[in-house]
Amino acid sequence: MELPENLEPDNPLWYFALTFWQHSSAQQTCLALQNEGWSVTRILCAGWLALNGRSYTGIEDATVTEWRDRVTGSCVRFVRRCQKRRLHTKLCAQTQPALSWRQSALNWLWPGGR
């Protein structure tokens, strides 16, 4: 899967996500919801839209869904296996910054990235 060339990694949605993620309670809540099957990318997008007076429709480009399933989903499953087996290797620790996996999906959701 290739990333489109016109993605804008420095955009207001990404900066919102970075700021939001710095609040430990927000991070913990998002990850708890993720464990219940929610999409953190969708949560972040909905939050950003709400702060800008817009509603979240849930409609997204198929490439965002594919990225979430193939890339972000794989990373999340890997971390869960590490945690389940109580593996605290350097590799597991490096995968913990879960927001970084979502940057490309958030970039796709940013209107300039389509």
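Each value in this text was obtained by applying a stated rule to the coordinates, not by laboratory testing. This is a predicted model, so every value here is computed, not measured. Cβ: placed from backbone, ideal geometry, glycine included. Neighbour counts: every protein chain shown.
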Could you check the simple spin-label distance between ASP69 and THR19, using points 7 Å along Cα→Cβ, in nm with one decimal? 3.4
Residue-ordered couplings for the range 49-63, obtained by feeding phi - 60° into the Karplus form 6.51 cos²θ - 1.76 cosθ + 1.60 and rounding to whole Hz (Gly and Pro as x), are 4, 4, 5, 9, x, 10, 9, 8, 8, x, 7, 9, 5, 4, 5
Sort 31-42, 52-63 by the packing proxy (mean of other Cβ within 10 Å over each peptide's residues), most packed first. 31-42, 52-63
